[in-house]
1. If S127, S122, S89 are ordered by their accessible area, calculated over protein heavy atoms with a 1.4 Å probe, which sequence runs from highest to lowest?
2. Counting only residues 5 or more places away or on other chains, whose amide H sits under 5 Å from the amide H of Y91 once H atoms are built in the peptide plane?
3. Can you give me the % of accessible surface on segment 31-104 that is carbon or sulfur? Probe 1.4 Å, all protein chains present, nothing else counted.
4. Can you give me the solvent accessible area of E38 with a 1.4 Å probe, rounded to the nearest 10 Å²?
5. Chymotrypsin sites (Phe, Trp or Tyr not before Pro), restricted to segment 47-148: which are DSSP loop and have at most 11 other Cβ atoms within 10 Å?
6. Given the protein chains as shown and a 1.4 Å probe, how many square angstrom of K117 are accessible, to the nearest 10?
7. How large is log10 of I(q)/I(0) for segment 103-148 at q = 0.34 Å⁻¹ when the intensity is taken from the Debye formula with one equal scatterer per alpha-carbon?
8. Which of the pairs K32/K118; K77/K118; K74/K118; K32/K141; K88/K125; K90/K125 have their Cα atoms more than 19 Å apart in this structure?
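The values are calculated or read from the model by the stated rules, or taken from the named source; none is laboratory data. Here the structure is a predicted model, which is why all the values come from computation and not from measurement. Backbone-built Cβ (ideal geometry, glycine too); neighbour counts: all protein chains shown. Areas reflect the complete protein model, heavy atoms only, side chains present, ligands, DNA and RNA absent. Shrake-Rupley method; radii C 1.70, N 1.55, O 1.52, S 1.80 Å.
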Amino acid sequence: MAMAESRAITDHIAQKFASKGAQLVTGEAEMKVWLQVEINHFEPASSQLGWEQVFKPMFGMTTDPAAVEANEAKLTKVLDVYEARLSKSKYLGGDQFTLVDLHHLPNLQCLIGTPTKKLLDSRPKVSAWIADITGRPAWAKVLAMQKH
């Protein structure tokens, strides 16, 4: 079986190796809802912000302030929803770390080093959640591997 979409791949791996580590998939519909929120609302805005503020400068390209402003407005709406959600549960998908949280890590890591970080920091629940998920030992290993 061939898979090409990263979220399908992570879901497959998490289910196949569920007994080997953290349970990243729950059978709860709630988790599936938040997976959809991530891919349809967080990911598009955060990816564009990463492109504009991190990758364009790396390639000697000029950041488009209008694109940053438009995508920060979109991300603001998502983060407001996240702030409300995280006042009810420790993680977006429930009370345990799941693929929902994992899928946020790459784009969050990008945004932490940009002016957009102000949007993350201004929401206490979101900020605490980011500190929690970016502070996981497995994520530290990923970041360490990227430096090599």
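1. Values: S127 40, S122 75, S89 15 Å².
The ordering from most to least exposed comes out as S122, S127, S89.
2. Under 5 Å from the amide H of Y91 lie the amide H atoms of Q96, each far enough along the sequence or on another chain.
3. Details: 2190 of 3650 Å².
Result for segment 31-104: 60 percent of the exposed heavy-atom area is carbon or sulfur.
4. Roll a 1.4 Å probe over it and E38 shows about 0 Å².
5. Details: sites: W51, F55, F59, Y82, Y91, F97, W129, W139; in loops: F59, F97.
Answer by residue number: F59.
6. Accessible surface of K117 is approximately 70 Å².
7. Listed by q, the Debye log ratios stand at -1.27.
8. Working: K32/K118 28 Å; K77/K118 14 Å; K74/K118 14 Å; K32/K141 27 Å; K88/K125 10 Å; K90/K125 9 Å.
Beyond 19 Å between Cα atoms: K32/K118; K32/K141.
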